[in-house]
Amino acid sequence: MKSLRFLSAEAFVSNAEFARKSLSSVTHNLFPLLFKASYLLEQKEVIHDLVENWPLADFNMGKLLGSNVDYQEDLSHRTCSVCLESCLTGLRDYVLNRSSLYMKRLKVVDLTGIKDVEVQFCECKKAMGRWTRTQLLCKLCSELLVYLQQNNTGTFEISIDVLIDLYVTEWNYELVVQALLKKCYCPLKICCVAFRSDNLALQKFFYITKLIDPSLLRKLEMVHNVRLEMEHLEILFKSIHFPLLMSLTLPARTFNVQRFTAKDEQVLTNIGEKMGEMMQLTELSVSFSILTGRLQKLLSPLKTPLKMLDVSNCSLNHADMTYLANSFHANHLETLDLSGHNIPDFYLSIFFKLLSHSSSVLRSLTVEDCNIQDTHVNMLILGLSHCHKLQEFKFFGNPLSSQALRHLFTFLCELPMLKNVEFPVPRDCYPAGITYPVDDASLCKFDHQKYENVAKELNLILLKANREDVKASTPLFGSYDAAVQETNNELGTYLIKSFKETLEKLTVSLSKMN
């Protein structure tokens, strides 16, 4: 529902030429209203001019586009390329605008409230993801600094903190480094609140981590092609302090206890102690590491309970699960990923104990490839029945029949806050004799027509229960990751290069043998 004020704002900005000429007559408190209306209508020229002449002390994208009394719809998930580019170029021109300095009140620009999603509802249908936002802001800062130096203008008196979630890979590394090195000279001060790195050499990762001012960092993600091992992590924590860090994601194979020595045990202890000093740390992802029997050593030093824990495919044993179920973390876990562990055969009772402890706060549960079968569905329903705050349930890759899925979906309709379900292809859609986990070669070799019929039945169950608000899907190749989607060309190029180098080394080795 739109208020009369918002409808009037839409009418005003819909005529871009008139709106741009009339901005000087608009009262300052109406700028936020006009900005949201312009963003909704994708009036790029009006957006640019609103930002260029912004009269207030702060510009917070999340709040400006979020739900408010004038228009309840949240637009912060619209990462419209046209609108965001207009915002950032408008910010650059705010600095260059020749209006008197006393009129410039802007001190903080917060771009962290933007949410990257799979489907864009804007007319251009083109999203500007986190990597591109990083690229554009750094490019504008560099261009702005060059212009100011060449023209010897007086805008160096302007200082605006720009809060942003940076995403750095090999392809934009040099540009970001140059912008950060010259930060103190630029009127737009890049303030990194969250930092994601991928496809980056360790030396470059360590260097840029120091440049971004780690004292401000709240979220650190090292993923995929950052070759960080346990020894490197120890060096990172010893050389750089992260006093405000709330969320930490480590790349696959950071830990591998299968080749641990006595020295490695001490390194793990040191890492745990350093994490214990991070008083704000509440989110931890260590997926695809081998942590068998060492979870307690890693987590017990933490003084703040975790709200998010991803230990998928970490080869946890019974002792690890027992520790987790009995730890003080269990009562605070809002997001939990235990994928890749054979829950029924090794941890069934402990899993349900963990579920009961976290049930009052749990919002997201992922148990993919956990060997949950038809015989376990009733117990699973019993375990989930107290999870009244559950919003997301992912159980792809489990050998469940279509009948078991219908039974489970009938129950899921009763969870009041549930919004997203990711379910497996029913076992009876695959050929007889299929083994789990299903390998990549067999993943798509199922009866697609039968699957479509089952999927329609499951959605009909939701419809009859008036749960159209629940999205149910089967992501064969994993859940949507906006960051990976945006940089898949670079990652693909890296993989091809790595494959080529491996073949060349193999050829050289074979030649020497001959």
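The values are calculated or read from the model by the stated rules, or taken from the named source; none is laboratory data. Remember, it's a predicted structure, so these values are computed and weren't measured experimentally. Here the Cβ is made from the backbone with ideal geometry for all residues, glycine too, and neighbour counts use every protein chain on show. The area values use the complete protein model at the heavy-atom level, side chains included, leaving out ligands, DNA and RNA. Shrake-Rupley method; radii C 1.70, N 1.55, O 1.52, S 1.80 Å.
Which order do ASP469, ASP70 take when ranked by solvent-accessible area (1.4 Å probe, heavy atoms of all protein chains), largest first?
Result, largest first: ASP469, ASP70.
What is the distance, in nm, between label points placed 7 Å from the Cα along the Cα-to-Cβ direction at LYS126 and at SER473?
Distance between label points: 2.3 nm.
At 0.36 nm per residue, and after removing the present C-alpha to C-alpha distance, how many nm does the segment from SER25 to ASP93 gain when stretched out fully?
Stretched fully, the SER25-ASP93 segment lengthens by 22.5 nm.
Mind sorting out which of (i) 127, 49, 38; (ii) 114, 51, 40; (iii) 73, 64, 53 is the real Cα extents along the principal axes in Å computed from the coordinates?
(iii)
Scan region 352-445 for GluC sites (Glu not before Pro) in coil per DSSP, keeping those whose Cβ has at most 16 other Cβ atoms within 10 Å, and list them by number.
Those that pass, being in a loop and sparsely packed, are GLU414.
Per-residue counts of other Cβ atoms within 10 Å, averaged by peptide: what ranking do you get for 184-195, 433-444, highest first?
Those peptides, ordered most packed to least, come out 184-195, 433-444.
Nearest 5 percent is fine: what portion of the DSSP beta bridges confined to the chain is antiparallel?
Roughly 5 percent of the DSSP beta bridges within the chain come out antiparallel.
Using a 1.4 angstrom probe and counting only protein chains, how large is the accessible area of HIS241 in Å², to 10?
Ignoring ligands and nucleic acids, HIS241 comes out at about 120 Å².
Please report, ordered by residue number, every helix of the chain (full DSSP H runs) that is 18 Å or longer along its axis going by C-alpha atoms and whose mean Kyte-Doolittle hydropathy reaches 0.0.
The qualifying helices are 81-96.
Starting from region 48-144, pick out the chymotrypsin sites (Phe, Trp or Tyr not before Pro) whose DSSP state is loop and whose Cβ has at most 13 other Cβ atoms within 10 Å.
PHE121
Under 11 Å from a point 7 Å along the Cα-to-Cβ line of LEU202: which residues of region 208-245 have their amide N that close?
227-236
Are there trypsin sites (Lys or Arg not before Pro) in region 231-302 that DSSP puts in a loop and that have at most 15 other Cβ atoms within 10 Å, and which ones?
The qualifying sites are ARG253.
As an exercise, use a Förster radius of 45 Å and the Cβ-Cβ distance of THR375 and ASN488 to find the FRET efficiency, rounded to the nearest 0.05.
Computed FRET efficiency for THR375 and ASN488: 0.70.
Ordering LEU408, LEU111 by accessible area with a probe of 1.4 Å, largest first, what comes out?
Most to least solvent-accessible, the answer reads LEU111, LEU408.
From the cross-link list LYS419/LYS456; LYS353/LYS464; LYS219/LYS274, which pairs have alpha carbons spaced over 21 Å apart?
Beyond 21 Å: LYS353/LYS464.
What nm value, rounded to one decimal, do you get for the distance between MET1 and GLU414 when each label is placed 7 Å out toward the C-beta?
So the label points at MET1 and GLU414 sit 3.4 nm apart.
Measure off 7 Å from each Cα along the Cα-to-Cβ vector at GLU17 and SER159, then give the distance between these two points in nanometres to one decimal.
If labels sit at GLU17 and SER159, their model points lie 4.3 nm apart.
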